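The values are calculated or read from the model by the stated rules, or taken from the named source; none is laboratory data. Predicted, not measured: the structure shown is a model, and the values here were computed from it. Backbone-built Cβ (ideal geometry, glycine too); neighbour counts: all protein chains shown. Accessible surface areas use protein heavy atoms only, side chains included; no ligands, DNA or RNA. Shrake-Rupley method; radii C 1.70, N 1.55, O 1.52, S 1.80 Å.
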Amino acid sequence: MERLQKVIAESGITSRRKAEELITLGKVKVNGEIIKELGTKVSSKDIIEVNGCQIEKEEKEYYLLNKPRGILSSTTDDKNRKTVTDLIPTNARIYPVGRLDYDTTGVLILTNDGEFANILMHPKHEIEKVYLAKIKGQITLDAIKKLKEGIEIEKGIIGKASKVKCKKTDPKTNNSLVQITIHEGKNHQVKKMFEKIGYEVLKLKREKEGIFDLKNLSSGEYRKLTPKEIKKIYSLEK
Ligand code: URA
């Protein structure tokens, strides 16, 4: 069951605020009956009319994309640059759950299910995010300790890694590959954590977000989530 104004907004005909206005003005009918109560819950079986026209309910869609570099994590761009939704051919109004930077690659979930997106992003679930960072310089044990203890990335905002593993260092290029696991999703968190302790991030890839990884997906490829995966995310709320 979902709130009437949410279902109207998700059908794409108007915003949620405008939907609320239409409900209180008596312009909305559910199963032929005018409903003016804003909290009213409706199911997928209910027939909803706005200004006498029946609305079409959008089916929920869920995708896992291996985001390439040079693509925005948004639905539109005022400079007409390519966005992640351009990579998935659907008429559903999907959007990315959280953001990866323009130059960051890897796991990105897209959906038109707001409830699912909220569960995935809510800090209380502490969803694990695993990143592979190519950094300038050789990572030291002291740096790894600092990343695990927590680093103030902005005033009063601490970014903390639960795991940090040095995968490779290359003395020739003076670069290191470091796998870092975090449970928060603050803006540019991984880059800022490294920058604060003196390392520049040259490349960043999200290898995992919770149960989702990049198995069988090349850069730019996507797949639909399975019903089992969707259920698993919903079960976090129980
Ligand atoms: N941390 C970053 O710095 N950038 C991302 O895109 C994701 C996490």
| said: Apply the a/c threshold of 1.5 to the C-alpha gyration tensor of the stretch 99-225 and tell me whether it is rounded, prolate or oblate. | reply: oblate
| When ranked by the protection proxy of mean other Cβ atoms within 10 Å per residue, highest first, what sequence do the peptides 191-198, 47-54 form? | 191-198, 47-54
| note | Here the gain from full extension of Lys203 to Lys155, 0.36 nm per residue of separation minus their alpha-carbon distance, amounts to 14.7 nm
| query | For the chain, what is the accessible area per residue in Å², given a 1.4 Å probe and the full set of protein chains? | reply | 57 Å²
| remark: Val130 neighbourhood, Cβ < 14 Å, K/R = +1, D/E = -1, net charge +2
| note | Rh_Kirkwood(the stretch 2-54) over Cα pairs, Å, one decimal, evaluates to 10.5 Å
| Carbon and sulfur %, accessible surface of the stretch 73-133 computed with the full protein complex present, 1.4 Å | 44 percent
| Close Lys-Lys pairs in the stretch 37-114, where close means Cα under 20 Å and separation is 8 or more or interchain | 6
| said: Tell me the carbon and sulfur percent of the accessible area for the stretch 2-54, rounded to whole percent, probe radius 1.4 Å. | reply: 48 percent
| query | Which of rounded, prolate, oblate describes the chain, given a ≥ b ≥ c as roots of the alpha-carbon gyration tensor eigenvalues and a/c under 1.5 marking rounded, otherwise prolate only if a/b is larger than b/c? | reply | prolate
| Between their Cα atoms, which of Lys136/Lys165; Lys6/Lys228; Lys167/Lys191; Lys160/Lys208; Lys167/Lys224 are more than 21 Å away from each other? | Lys6/Lys228; Lys167/Lys224
| task | Find how much the distance from Lys82 to Lys136 grows on full extension, using 0.36 nm per residue of separation minus their present alpha carbon separation; answer in nm with one decimal. | result | 16.6 nm
| Which of the chymotrypsin sites (Phe, Trp or Tyr not before Pro) across the stretch 31-120 are loop residues per DSSP, with 15 or fewer other Cβ within 10 Å? | Tyr102
| Which of the aspartates and glutamates could a cross-linker bridge to Lys203, judged by Cα under 16 Å and excluding same-chain residues fewer than eight apart? | Asp101, Asp103, Asp170, Glu195
